[in-house]
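Notes to accompany the following structure.
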Amino acid sequence: MEPEAVRRLCVVGAGTMGHQIAMLGALAGCATAVVDVSAEALERAQSSNRAHMARWVQRGRLTEADAERALGRLRWTTSLEDGARDAEFVIEAVIERLDDKRALFTRLDRIAPAPAILATNSSTIRSSLLAAATARPGQVCNMHFFNPPLVMELVEVVMHPETGEATAAAAMGLARQMGRTPVLLRREISGFVVNRILAAIMDEAVRLYEAGIASFEDIDVAVKKGLRHPMGPFELMDMNGIDIAYHVRMQRFGETGDPAQRPARSIVERYERGDYGRKTGRGWYTYPPPPSS
Ligand code: NAD
């Protein structure tokens, strides 16, 4: 049985992810409070959403009246009390720092109505760590949207050992209400599904390169033309940041103690040189990038 539609949503954090998740909520008919500690972040978020809706209207995806109605469902505030006090569902999308998120969940637990579900959009922090900061661990889960949320359809809903079935069903239901496609992970695991598979592809690509089997450029061509991926693994590493690839692997190595999880030599070399990819102008490729094949 589908859970009831969510009517009152609160999104905490109006950055890259939060403001678009809030827009999805408003488009799905939820009265949506958006909370951020920074008034400037709220202003940026508001104008970004207005610009997005204007483009959708221009392209005929939405009528002007529907866009205005959706934008009218958004309420912007720097007060967590104001934003969360009547929420049925809260999605947290603040900065990726465990202590900040823990403190926030403790406050949310005090402010949000007792039946409300508290979800985190974190890519790396397991929701069990946040659930432990509340008196409602059964009502906590990960709800992992992809960047940019208005475009990317997938949502990974991840249960921790105490997440209730009704909570998971409600998170799946809200993702569908927002027009997304949710998948359910019944156990928490770092990287969830997508980032683990992506990491495996990247690791194999680096192994083939380091073994001298093919150039990294040719491996990118092989993956794009043979698997129809829009980007090759090395292009993707440059886009996401080689520093991120390095830190993710160091974290995995720290967690498992398995030397096989250590970042590969060619990643470490680039990391140590500060060649992080697009953001530094040099990574695997030098930017502006060579014409794509
Ligand atoms: P961001 O830095 O763009 O935005 C974070 C926002 O949170 C900022 O506007 C900041 O002012 C606000 N904030 C910080 N502490 C706060 C608090 N205590 N209360 C209210 N607001 C607070 O970050 P982002 O890229 O949107 O990432 C947010 C979360 O989404 C992270 O947990 C991250 O793991 C996850 N995520 C990010 C991506 C991505 O590609 N950026 C993808 C999936 C998931």
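The values are calculated or read from the model by the stated rules, or taken from the named source; none is laboratory data. Because the structure is predicted, anything quoted here is derived from the model rather than measured. Cβ sites come from the backbone with ideal geometry, for glycine too, and all protein chains shown count toward neighbours. The protein model used for the area step is the full one, side chains on, heavy atoms only, and it has no ligands, DNA or RNA in it. Shrake-Rupley method; radii C 1.70, N 1.55, O 1.52, S 1.80 Å.
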Worksheet item: To the nearest 0.05, how large is the calculated FRET efficiency for residue 86 and residue 287 if R₀ is 45 Å and r is the Cβ-Cβ distance?
Response: 0.40
Worksheet item: How far apart, in nm, are the 7 Å Cα→Cβ label points at residue 229 and residue 269?
Response: 2.1 nm
Worksheet item: What dipole magnitude, in Debye to the nearest 20, does the range 106-247 give about its Cα centre under +1 on Lys/Arg Cβ and -1 on Asp/Glu Cβ?
Response: 680 debye
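Sorting check: for 24-32, 209-217, which peptide has the highest mean count of neighbouring beta carbons within 10 Å, and how do the rest follow?
24-32, 209-217
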Discussion item. I'd like the distance between the alpha-carbon centres of the range 249-283 and the range 95-139, rounded to an integer number of Å.
Written reply: 30 Å
Fill in: With eigenvalues of the C-alpha gyration tensor scaled by 5 and rooted, the chain, Å
35, 24, 17
Worksheet item: Rounded to a whole number, what % of the accessible area of the chain do carbon and sulfur atoms account for, probe 1.4 Å?
Response: 54 percent
Worksheet item: For the range 194-273, rounded, prolate or oblate, judged on the Cα gyration tensor with a ≥ b ≥ c (square roots of eigenvalues), a/c < 1.5 rounded, else prolate if a/b > b/c?
Response: prolate
Worksheet entry | Most mobile of 182, 259, 149 in a GNM of the chain (Cα contacts under 10 Å) | 259
Practice prompt. Would you mind getting the accessible area per residue of the chain, heavy atoms of the protein chains only, 1.4 Å probe, in Å²?
Written response: 50 Å²
Worksheet entry | DSSP-assigned coil residues among GluC sites (Glu not before Pro) in the range 1-49, each with at most 10 further Cβ atoms within 10 Å | 4
Discussion item. Using only the Cα atoms of the range 30-159, what semi-axes does the equivalent ellipsoid have when each is the square root of 5 times a gyration tensor eigenvalue? Give whole Å, largest first.
Written reply: 28, 17, 14
Discussion item. Tell me which of 23, 104, 39 sits at the most positive position along the dipole axis of the chain, charges placed on C-beta atoms (Lys, Arg +1; Asp, Glu -1).
Written reply: 23
Response to the item:
Of 5-11, 86-92, 132-138, ordering from highest average Cβ density within 10 Å down gives 86-92, 5-11, 132-138
Worksheet item: Efficiency by 1/(1 + (r/R0)^6): what FRET value for residue 217 and residue 124, r their Cβ-Cβ distance, R0 = 35 Å, to the nearest 0.05?
Response: 0.70
Worksheet entry | Among 67, 160, 115 the positive-end extreme of the charge dipole of the range 8-185 (Cβ point charges) | 67
Discussion item. Using alpha carbons only, how many angstrom separate the centre of the range 3-68 from the centre of the range 181-212?
Written reply: 30 Å
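For residue 39 and residue 66, what is the calculated FRET efficiency with R₀ set at 35 Å and r taken between the beta-carbons, to the nearest 0.05?
For R0 = 35 Å, the calculated efficiency reads 0.80.
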Fill in: Proximal aspartates and glutamates relative to residue 225, as straight alpha-carbon distance under 18 Å, when same-chain residues fewer than 8 apart are discounted
204, 217, 235
